[in-house]
Amino acid sequence: MNNVLEGKMGRLGIMGGTFDPIHYGHLVAAEMARVEFHLDKVLFIPTGNPPHKIGRDVSAAELRYEMVERAIQDNPAFELSALEIKRNGPSYTVDTLRVLRRTWPDYELYFITGSDALLEIFSWRDAEEVLTLIQFIGAARPGFDASDFLLKVQEDNPETQGRIHSLEVPALAISSTDIRTRVGRGEPIRYLLPEPVRLFIQQRGLYSQEELSHHD
Ligand code: NAP
């Protein structure tokens, strides 16, 4: 907890996700992580072309980026990065973390994402390197307790000890999949996500064909 003892000047949270669309669950998770882990700021990095989602319809990276921009505009501790959406080809977290490690050498870095995404971490490219580059915060939906699994990962991989954390986020009962389905069915999404994002979805006609498309 003591930055001086760790030799680091500060702590940066990195919020990685597809954000299709971003919603209040993500925003609450980022804010809870910021407070609980004493992060100076949280950098949102929407994925480019997610390597694990080839074949499923994911909204264009620029649209997902714009929605995040609208969602975080009123929080001075939140920032947005186009690092992944500018990258050509599949986007791997290890490439992002290598860049961030170089850009923020004096900062303790924490990657915040869904705990169910973290359960797949050993299928990620260069997983072992990923686990040593940065600490992880798995944001869990209510009723989905990943802490046993995350503890086991650390027992099996001693170099990751104390570097993978779990955070229960009740607001994560909201999900992007549910929002897309609701829009497709013509059901309301007001109060599930920031109003500027809801209006953007409406104006651009996003997800209106979602019922017809394939879900993951
Ligand atoms: P996902 O499979 O779409 O999501 C898995 C679960 O985690 C969903 O329940 C999702 O909820 C939730 N979630 C995702 N991001 C979250 C966040 N930042 N905070 C709280 N909950 C979150 O996962 P994804 O969004 O595609 O990927 C998550 C991150 O892992 C991304 O940064 C991605 O680049 C990285 N990743 C990397 C690799 C690789 O390098 N090979 C592979 C997989 C994932 P919602 O649907 O409501 O968002």
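The values are calculated or read from the model by the stated rules, or taken from the named source; none is laboratory data. This structure is a prediction, so every number in the text was calculated from the model and none was measured. Because the Cβ atoms are built from the backbone with ideal geometry, glycine has one as well, and the counts that use them run over all protein chains shown. Surface areas here come from the heavy atoms of the whole protein model, side chains and all, with no ligands, DNA or RNA. Shrake-Rupley method; radii C 1.70, N 1.55, O 1.52, S 1.80 Å.
Data overview
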quantity	calculated
Where ILE45 falls short, out of the listed (1) over 13 Å from the mean Cα position of the chain (by Cα); (2) buried (at least 16 other Cβ atoms within 10 Å of the Cβ)	(1)
Failed item, numbered, when SER81 is tested on (1) modelled with pLDDT of 95 or more; (2) within 10 Å of the ligand (Cβ to nearest atom); (3) among the hydroxyl-bearing types (Ser, Thr, Tyr)	(2)
Single condition ALA146 does not satisfy, out of (1) within 18 Å of VAL28 (Cβ to Cβ); (2) at pLDDT below 85; (3) surrounded by fewer than 18 Cβ atoms within 10 Å (Cβ to Cβ); (4) not aromatic (Phe, Trp, Tyr)	(3)
Residue in segment 149-166 that is within 12 Å of the ligand (Cβ to nearest atom), surrounded by fewer than 17 Cβ atoms within 10 Å (Cβ to Cβ) and at negative phi present	no
Residue check, ILE164 under 24 Å from LEU119 (Cβ atoms), modelled with pLDDT under 95 and among the hydrophobic types (A, V, I, L, M, F, W, C)	yes
Test: residue in segment 65-77 that is among the small types (Gly, Ala, Ser) and either open to solvent by 20 Å² or more (accessible area, probe 1.4 Å) or at pLDDT 95 or above (or both)	yes
Residue pairs meeting the criteria (Cβ under 6 Å; at least 6 apart or on separate chains; first within 17 Å of ALA71 (Cβ to Cβ), in segment 170-181; second open to solvent by 30 Å² or more (accessible area, probe 1.4 Å) and near the ligand (Cβ under 8 Å from one of its atoms))	LEU172/ARG141
Residue check, ARG190 surrounded by fewer than 16 Cβ atoms within 10 Å (Cβ to Cβ), modelled with pLDDT of 95 or more and farther than 19 Å from GLY13 by Cβ	yes
Options THR103, THR132; residue that is over 17 Å from the mean Cα position of the chain (by Cα), open to solvent by 60 Å² or more (accessible area, probe 1.4 Å) and within 16 Å of ILE45 (Cα to Cα)	THR103
Criterion (β-branched (Val, Ile, Thr) and near the ligand (Cβ under 8 Å from one of its atoms)) met by exactly one of VAL42, VAL130, VAL99	VAL130
Pairs with Cβ under 8 Å, 6+ apart, first in segment 141-169 and free of Cβ contacts under 8 Å to residues at least 60 places away in the same chain, second open to solvent by less than 90 Å² (accessible area, probe 1.4 Å) and among the basic types (Lys, Arg)	GLN154/ARG163
Segment 102-127, subset away from the ligand (no atom under 12 Å from the Cβ) and touching a residue at least 60 places away in the same chain (Cβ under 8 Å), residue nearest to VAL169 (Cα to Cα)	LEU109
Single residue of segment 65-88 satisfying the filter (free of Cβ contacts under 8 Å to residues at least 60 places away in the same chain and out of contact with any strand residue (DSSP E or B) (no Cβ under 7 Å at 6 or more places or on another chain)) that is farthest from GLN154 (Cα to Cα)	ASP74
Leading residue by the ranking (modelled with the highest pLDDT) among those in segment 26-64 that are of a type in the set (Asp, Glu) and assigned to a loop (DSSP other than H, G, I, E, B)	ASP40
Candidates ASP116, ASP95 - the one that is at pLDDT 90 or above and surrounded by fewer than 20 Cβ atoms within 10 Å (Cβ to Cβ)	ASP95
